[in-house]
Amino acid sequence: MVTSFPLLSYQHELDTSPEAFGELRPSADCLGQPGLLNQRLEEDGYLFIPGFFDRELIQNARASVTDRLAAEGVLDPAFPAIEGRCQPGKALGFRGDLAKQNPAIDRVVYGPELIGFYAELFGESVRHFDHTWFRALSRGQGTPPHCDLVYMSRGTHQLLSCWIPYGEVPLEIGGLMVLEGSHLQSERLKNYLEVDVDLYCENRPKEIEKVKEKGGWSHPGWLTNNPVSLREKMGGRWLTTHWQPGDFLTFSMTLIHASLDNQTDFVRLSSDTRYQRASQPADPRWVGQNVAGHGPRAKQGMIC
Ligand SMILES: O=C(O)CCC(=O)C(=O)O
Ligand SMILES: [Fe+2]
């Protein structure tokens with residue numbers, strides 16, 4: 001992929017040479033062929049399905065969010081809200097609230113198209129987590145490299161994340177990227193993949209204070225803040241794409257991923273949601289009407 005400007009991820013300039021950076025492999029041609037889809041998922045650790053959703057569904061969901069942001073006064077009133085232009089200096093970030101009581105987002109993430117996709121992939125009925133992660137990232141913001149397992153490992157590990165952009169996300173607005181082949185390096189990442197951010201050591205007073213009493217995490221969850229040196233160590237390329245409304249990416253719990261930084265005044269809107277086989281146990285932190293999440297009910301002590 002040729003870029004005419006430096007790409008940043010967590011403020012590090014990415015090496016965009018062909019050995020270090022490339023395009024996600026599309027798998028839309030495998031839809032309707034679960035055997036092939038599963039084979040791809042095993043090989044790549046992800047499935048990138050461009051143009052999966054009807055654009056109108058995505059546009060409705062985007063409008064529901066940009067209307068809320070406009071009402072908050074976060075967007076520049078000189079432009080239509082749907083454009084999502086931020087007022088300079090207004091930082092956004094993790095905004096799970098934007099997906100709450102939001103039927104237009106629910107329609108996308110738990111609607112028949114995506115649930116049907118997972119039912120076919122899993123070969124049985126599907127359960128999704130009851131929490132919808134939602135992000136509204138503004139200039140300078142991005143996500144450092146991590147695997148999702150450290151946040152959701154108390155049920156089946158045959159769980160898949162789904163990342164959906166709400167609107168076009170060119171490289172300078174900064175969408176998701178995955179580290180090629182990293183799902184095949186779990187042995188090397190063993191210590192990291194065993195982390196559960198809500199577990200603390202009962203025999204370490206500092207951890208009791210930090211996690212149980214103050215509600216913090218035993219580990220930041222990130223593998224590192226530096227996507228450039230991580231890639232040099234692990235090998236593979238950082239893979240991403242110029243995202244279009246209608247695209248989605250689903251990936252496994254042990255695939256390292258991160259995002260490009262937003263270098264514009266347009267807000268980057270995306271959801272991430274989780275799906276598994278209904279017959280397998282689900283991480284109790286993410287099930288129910290009022291999920292425990294990473295809150296006080298999720299904290300668990302153990303003797304280390
Ligand atoms: O949207 C992002 O920046 C990060 C998303 C992510 O980590 C995920 O989908 O699991
Ligand atoms: Fe993630």
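The values are calculated or read from the model by the stated rules, or taken from the named source; none is laboratory data. The shown structure was predicted, so the numbers you read here are calculated from the model rather than taken from an experiment. So basically every Cβ, Gly included, is an ideal-geometry build from the backbone, and we count neighbours across all protein chains shown.
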request  = Run Gln33 past the list (1) surrounded by 13 or more Cβ atoms within 10 Å (Cβ to Cβ); (2) closer than 22 Å to Ala258 by Cα; (3) not aliphatic (A, V, I, L, M) and report the number of the one that doesn't hold.
outcome  = (2)
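Loosely packed, with under 13 Cβ neighbours inside 10 Å and in contact (Cβ under 8 Å) with a residue 40 or more places away in the chain: does that describe Thr3? Spell out how you get there, then give the answer.
Numbers: loosely packed, with under 13 Cβ neighbours inside 10 Å: yes; in contact (Cβ under 8 Å) with a residue 40 or more places away in the chain: yes.
In short, yes.
Just to be sure, is Ala91 closer than 19 Å to Val65 by Cα, at pLDDT 95 or above and among the small types (Gly, Ala, Ser)? I'd like the intermediate steps shown before the answer.
Numbers: closer than 19 Å to Val65 by Cα: yes; at pLDDT 95 or above: no; among the small types (Gly, Ala, Ser): yes.
The answer is no for Ala91.
State which residue is nearest to ligand 1 (Cβ to nearest atom) when the search covers only region 128-175 and only residues that are closer than 14 Å to Met253 by Cβ and hydroxyl-bearing (Ser, Thr, Tyr). Walk me through it before giving the result.
Of the residues in region 128-175, the ones closer than 14 Å to Met253 by Cβ are 129, 146-163.
In the following step, the residues that additionally are hydroxyl-bearing (Ser, Thr, Tyr) were identified as 151, 153, 156, 161.
Working: Tyr151: 8, Ser153: 14, Thr156: 17, Ser161: 5 Å.
Looking at residues that are closer than 14 Å to Met253 by Cβ and hydroxyl-bearing (Ser, Thr, Tyr), I get Ser161.
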query = Going through region 197-211 one residue at a time, which ones are away from ligand 1 (no atom under 16 Å from the Cβ), outside any strand (DSSP E or B) and buried (at least 17 other Cβ atoms within 10 Å of the Cβ)?
reply = Asp198, Glu207, Val211
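When you look at Ile173, is it of a type in the set (A, V, I, L, M), away from ligand 2 (no atom under 16 Å from the Cβ) and either within 29 Å of Phe266 (Cα to Cα) or under 16 Å from the mean Cα position of the chain (by Cα) (or both), yes or no? Lay out the reasoning, then the answer.
Details: of a type in the set (A, V, I, L, M): yes; away from ligand 2 (no atom under 16 Å from the Cβ): yes; either within 29 Å of Phe266 (Cα to Cα) or under 16 Å from the mean Cα position of the chain (by Cα) (or both): yes.
For Ile173, the condition - of a type in the set (A, V, I, L, M), away from ligand 2 (no atom under 16 Å from the Cβ) and either within 29 Å of Phe266 (Cα to Cα) or under 16 Å from the mean Cα position of the chain (by Cα) (or both) - is met.
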inquiry  = Condition first: under 18 Å from Pro296 (Cβ atoms) and polar (S, T, N, Q). Can you find one or more residues in region 199-219 that meet it?
reply    = yes
message = Looking at region 231-273 only, could you name the residues that are under 17 Å from Cys147 (Cα atoms) and either away from ligand 1 (no atom under 15 Å from the Cβ) or without any contact (Cβ under 8 Å) to a residue 24 or more places away in the chain (or both)?
response = Arg231, Lys233, Met234, Gly235, Gly236, Arg237
key: Subset of region 53-73 [closer than 18 Å to Val109 by Cβ, surrounded by fewer than 17 Cβ atoms within 10 Å (Cβ to Cβ) and either of a type in the set (Asp, Glu) or within 18 Å of the chain's Cα centre (by Cα) (or both)]   = Asp54, Glu56
key: Residue in region 109-116 that is within 19 Å of the chain's Cα centre (by Cα), within 13 Å of ligand 2 (Cβ to nearest atom) and in contact (Cβ under 8 Å) with a residue 24 or more places away in the chain present   = no
key: Lone qualifier among Ala282, Ala258, Ala298, Ala292 - being out of contact with any Lys or Arg (no Cβ under 9 Å at 6 or more places or on another chain) and buried (at least 17 other Cβ atoms within 10 Å of the Cβ)   = Ala258
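Can we say Glu42 is surrounded by fewer than 14 Cβ atoms within 10 Å (Cβ to Cβ) and part of a helix (DSSP H, G or I)? Walk me through it before giving the result.
Details: surrounded by fewer than 14 Cβ atoms within 10 Å (Cβ to Cβ): yes; part of a helix (DSSP H, G or I): yes.
Spelling it out, Glu42 is indeed surrounded by fewer than 14 Cβ atoms within 10 Å (Cβ to Cβ) and part of a helix (DSSP H, G or I).
If you take just the strands (runs of 3 or more DSSP E) that sit entirely in region 244-304, which of them hold at least 3 residues that are within 16 Å of ligand 2 (Cβ to nearest atom), within 16 Å of the chain's Cα centre (by Cα) and not charged (D, E, K, R)? I'd like the intermediate steps shown before the answer.
Working: elements: 248-252, 257-259, 268-277, 300-302.
Here the list reads 248-252, 257-259, 268-277.
Taking region 212-243 as the region of interest, how many residues are outside any loop (DSSP other than H, G, I, E, B) and either buried (at least 18 other Cβ atoms within 10 Å of the Cβ) or among the hydrophobic types (A, V, I, L, M, F, W, C) (or both)?
First, pick out the residues of region 212-243 that are outside any loop (DSSP other than H, G, I, E, B): 212-213, 227-234, 238-240, 243.
Right, trim to either buried (at least 18 other Cβ atoms within 10 Å of the Cβ) or among the hydrophobic types (A, V, I, L, M, F, W, C) (or both) and you get 227-228, 230-231, 234, 238-240, 243.
Looking only at that region, the number is 9.
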